[in-house]
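Only the coordinates and a few stated rules stand behind these numbers; no lab work does. Since we're looking at a predicted model, the values are computed, not measured. Cβ coordinates were reconstructed from backbone atoms using ideal geometry, including for glycine residues, and neighbour counts include every protein chain displayed.
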Amino acid sequence: MEHSSFDTAAVHAGRSGLNQLGVHALPIDLSSTAPLHDIAGGGHSYELLAAGGSLVEGESTVYRRLWNPTVARFEEAITELETWALRARSSAVADDVQTVAFASGMAAISALLLSRVSQGLGHVVAVRPIYGGTDHLLAVGLLGTRVDFVPADHIANAIRDDTGLVVVESPANPSLDLVDIRRIVSDSGRVPVMVDNTFATPVLQQPLDLGAAFSIHSATKYLGGHGDAMGGTVTTTSEHATKLRQIRAITGGLLDPLSAYLLHRGLPTLPLRVRRQEETARALAFWLKERLEVKRTYYPGFPECDDQNLVASQMYGAGAMVSIELAGGFVAAEAFIGGLELITHAVSLGGVDTLIQHPAALTHRLVAAEAKPSDGLLRLSVGLESFEDLVHDLERGFART
Ligand SMILES: *Cc1c(COP(=O)(O)O)cnc(C)c1O
């Protein structure tokens, strides 16, 4: 169904046909297997789905690893949100876009890398910083990829005949660096570009509208938004999606339907959450910047963090992640975290409550020394608490440093 605004789509996407089913909430199908009409028909359905095809009316879902209707609804919803701007411009590109959901963000990235390796295109060009897990996966070549990490303006030179993917993240984990996605797509030529869109969410950025071939999410973060479900998504063309479903069906990194339900349930409030969290994050970033204990505040909404004006040219807002470099280094960071009472010291991000973590010790622990974040850096995921309460808690942290 077409929805006339992004906010309406967030509420209704992936919910078509519920009235006919006589239900109001999203139905959860927990079947691990499905009845087959006859042997030949079952075999036909099996072949269709194991090759990565989409379920067709009248075919059996056969087995949960091949297809699950609850997961399919969530995928449909993400496709609608990630193609919002394309459809608003009546771009035909949107008609051929699909989403494939996985058990986690890393399962989604792994399936994408495997799909390139299996086609003999195992060379990856990546721009740092990226999430520590992705960085590590690429750096050690665990899945048979070979990587060149290059600055964003060196991509064209790094591309070889066997390059199968360009990997970027914007805003990037943990320093919130932005890259010019349109320029990277243009520099990459025939090589498809993957954008990790986890920090921005489709509310603030839609990479396919900027020319990227793959928009991926750790749905564990903002999409679910409540810190209680894990998942990952890849949104791309039907051709790439078919290959990804084939890999998912055979290697088994599928999203659990209970998690799909929870992640889908997070979507109606996604625009509200992201915009409110952004508002608070912006105010906190300004407040943090004035503190003498803070050497540098990283926030994409500051001109000094966005010299190419990319928030204005490719995003609809600067987001709700803020990082700070403490003048007192690791010792100050440890003391600061020890003083917090409201804000939870934990990895992950994008939920309704504020979290803080030390990237060098945790999310980016496995990153090579030359690309590791500094020891004084703390990353803050701003939640839905009031600005005043968060300031009060941060003051408790500073009082310890
Ligand atoms: C958390 C995260 C991932 C990994 O996702 P999981 O769901 O934890 O597997 C990938 N990219 C970014 C930017 C992340 O923050």
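Per-structure values
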read-out: Helix 329-338 axis, angle to the chain major axis (alpha carbon atoms, nearest 10°); value: 70
read-out: Ordering of 293-300, 24-31, 149-156, 70-77 by packing [mean C-beta count within 10 Å, highest first]; value: 70-77, 293-300, 149-156, 24-31
read-out: Long-range HN-HN contacts of Tyr222 with modeled amide H, under 5 Å; value: none
read-out: Theoretical gain in end-to-end length, Glu239 to Ala369 [0.36 nm per residue, Cα-Cα removed]; value: 43.0 nm
read-out: Per-pair calculated FRET efficiency, R0 = 25 Å: Arg275 and Thr344 via Cβ, rounded to 0.05; value: 0.65
read-out: Inter-part distance where segment 66-102 and segment 246-285 are each reduced to a Cα centre, Å; value: 14
read-out: Interchain or long-range residues, amide H under 5 Å from Arg146's placed H; value: His123, Val124
read-out: Cα-based helix-to-principal-axis angle, 238-251 vs the chain, degrees rounded to 10; value: 90
read-out: Highest-first arrangement of 240-251, 210-221, 83-94, where packing means the average Cβ count within 10 Å; value: 210-221, 240-251, 83-94
read-out: Percent of beta bridges antiparallel (DSSP, the chain, rounded to nearest 5); value: 60
read-out: Degrees, to the nearest 10: 39-50 long Cα axis against longest axis of the chain; value: 30
read-out: For segment 263-269, Karplus couplings with θ = phi - 60° (6.51, -1.76, 1.60), whole Hz, Gly/Pro x; value: 5, 5, 5, x, 5, x, 8
read-out: Net charge of Cβ neighbours under 14 Å - reference Thr79; Lys, Arg +1; Asp, Glu -1; value: -4
read-out: Vicinal HN-Hα couplings computed from phi for segment 107-120 (Karplus, 6.51 cos²θ - 1.76 cosθ + 1.60; Hz; Gly/Pro x); value: 5, 5, 5, 4, 5, 5, 4, 4, 5, 6, 4, 5, 9, x
